[in-house]
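Have a look at the structure below, then the notes.
The values are calculated or read from the model by the stated rules, or taken from the named source; none is laboratory data. Keep in mind that this is a model prediction, so the values were computed, not measured. Neighbour counts are summed over all protein chains in view; Cβ atoms, including those assigned to glycine, are modelled from backbone coordinates with ideal geometry. For accessibility, only protein heavy atoms count, side chains too; no ligands or nucleic acids. Shrake-Rupley method; radii C 1.70, N 1.55, O 1.52, S 1.80 Å.
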Amino acid sequence: MMPEYLLRALLASIMVSVLLGMLSPLINTKGLAFLTHALFHSLLFGAVLGMILGLLFENLSLVMLTALTVTVAIVLLIAHLEKLGFSPDSAVGIVASFVAGLTVLGFGVLYKVMATRPYFPLGESIVSYLTGDIFLISLNDLTALVLGGAFLFLVMLLLYRDFLYLSFDPEGIESYGGSARAYLMILYVLVGAIGALIVQTVGLITLQVVAVLPGAIALMVSSDMRKVLGVSLFLTLGVQLSSVALAYLTDIPPSGIATIMLGAIYGAVVFRR
C-alpha cells in the first residue's frame, strides 16, 4: 500500500507540473527569466518576514501568506517601474537589490526574535524552504496548493491567448482596445503568486531552473505554440513525477533530481541542434 505522504507528494507534483508547464513558455516568450531572479529574493524576504510574524503571533501558517503578499507586491512594483519608463532588466535589478538588503536585515531581526521565543523548528523550515521537500507537505498545504493552483490555472487558461499576443504583438493588443500594460501586470502577478504557492515543494534554489527550462526546451523542439505548450506540460510532469519516485528510492531531495534531469535534457537538445 502506498504511504500517505508519498500520495500527497505525487498529487502535489501533478499540480506543480500543470502550473509550471503552462507558465514556463510564457516566461520564455515574454523574456521574464530575469524576473524569476527577483522572485527568488522576494520569496526569501517574504518567508523571513513571515517567520518573524509567525513567532510574534505564534502562528507559523503566516509564512506562506506573508510570502505570497510580499511577492505579489514586489512584482507589482517592478511592473510599475516599467510603466514609468525603466527597462525590464533595470526595474528588476533595482528592486532585487533593495529586497536582497532587506532580506539580510530580516535574518538579523529573525535571530533576535528567535532568542526571545520558545523553540520552533525554524532552522529546518528555512532549509526546507530553500531546497524544497515535497514529502513534508501536509494535508492543509496540499489543499491550499490544489485550491490556489486551480484558481491560478483557470486565470492562465482564460488569458493564455492574450499573454501570447502580449509576447509577440503588444501593439496589436492596443490597436484592438486592450491594455498591454494591464495584461503585463496580471502576468507578473501570476508569476509571483505561482512561485509563492509552489516554493515549499520546489525550493527557492531550484525554482528559477524548473520555471524556465521546460519552456526553453519546448521552444527549441517546436515553434508551434500548441506543441510548445504540450511539450512543456509533458516534460514538467514527467520530470516532477520521476524526481519524486527517485527521491523516494534514494533519499535524495527531489528538487535537486528534477533540476539535474532538466539540465541534462536541455544539454542534450542543445547538442543535437
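Only residues that are open to solvent by 30 Å² or more (accessible area, probe 1.4 Å) and in a helix (DSSP H, G or I) were counted in region 101-118, giving 11.
Across region 87-100, which residue is most open to solvent (accessible area, probe 1.4 Å) among those that are hydrophobic (A, V, I, L, M, F, W, C) and in contact with a helix residue (DSSP H, G or I) (Cβ under 7 Å, 6 or more places away or on another chain)?
Restricting to residues being hydrophobic (A, V, I, L, M, F, W, C) and in contact with a helix residue (DSSP H, G or I) (Cβ under 7 Å, 6 or more places away or on another chain), the top hit is I94.
Checking each residue of region 29-49 against the condition of being over 17 Å from the mean Cα position of the chain (by Cα) and open to solvent by 50 Å² or more (accessible area, probe 1.4 Å) gives at least one match.
Would you call A247 touching a residue at least 40 places away in the same chain (Cβ under 8 Å), in a helix (DSSP H, G or I) and under 20 Å from the mean Cα position of the chain (by Cα)? Give the steps one after another, and end with the answer.
Working: touching a residue at least 40 places away in the same chain (Cβ under 8 Å): yes; in a helix (DSSP H, G or I): yes; under 20 Å from the mean Cα position of the chain (by Cα): no.
Answer is no for this residue.
Looking at region 65-74, which of the residues that are among the aliphatic types (A, V, I, L, M) and touching a helix residue (DSSP H, G or I) at 6+ places or on another chain (Cβ under 6 Å) is most open to solvent (accessible area, probe 1.4 Å)? So, considering only residues that are among the aliphatic types (A, V, I, L, M) and touching a helix residue (DSSP H, G or I) at 6+ places or on another chain (Cβ under 6 Å), the one most open to solvent (accessible area, probe 1.4 Å) is L68.
Being more than 15 Å from the chain's Cα centre (by Cα), at pLDDT below 85, open to solvent by 60 Å² or more (accessible area, probe 1.4 Å) and not charged (D, E, K, R) is true for just one of L7, L62, L77, L84. Which residue is that? Spell out the reasoning first.
Details: L7 fails: at pLDDT below 85; L62 fails: open to solvent by 60 Å² or more (accessible area, probe 1.4 Å); L77 fails: at pLDDT below 85.
Of L7, L62, L77, L84, the one residue that is more than 15 Å from the chain's Cα centre (by Cα), at pLDDT below 85, open to solvent by 60 Å² or more (accessible area, probe 1.4 Å) and not charged (D, E, K, R) is L84.
Pairs meeting the criteria (first residue in region 215-230 and touching a residue at least 12 places away in the same chain (Cβ under 8 Å) and on the phi > 0 side of the Ramachandran plot, second residue open to solvent by 60 Å² or more (accessible area, probe 1.4 Å) and not in a helix (DSSP H, G or I), beta carbons under 9 Å, at least 6 apart or on different chains) are lacking.
Counting only helices (runs of 4 or more DSSP H) that sit wholly inside region 130-231, those with at least 3 residues that are surrounded by 14 or more Cβ atoms within 10 Å (Cβ to Cβ) are 139-168, 180-202, 204-221.
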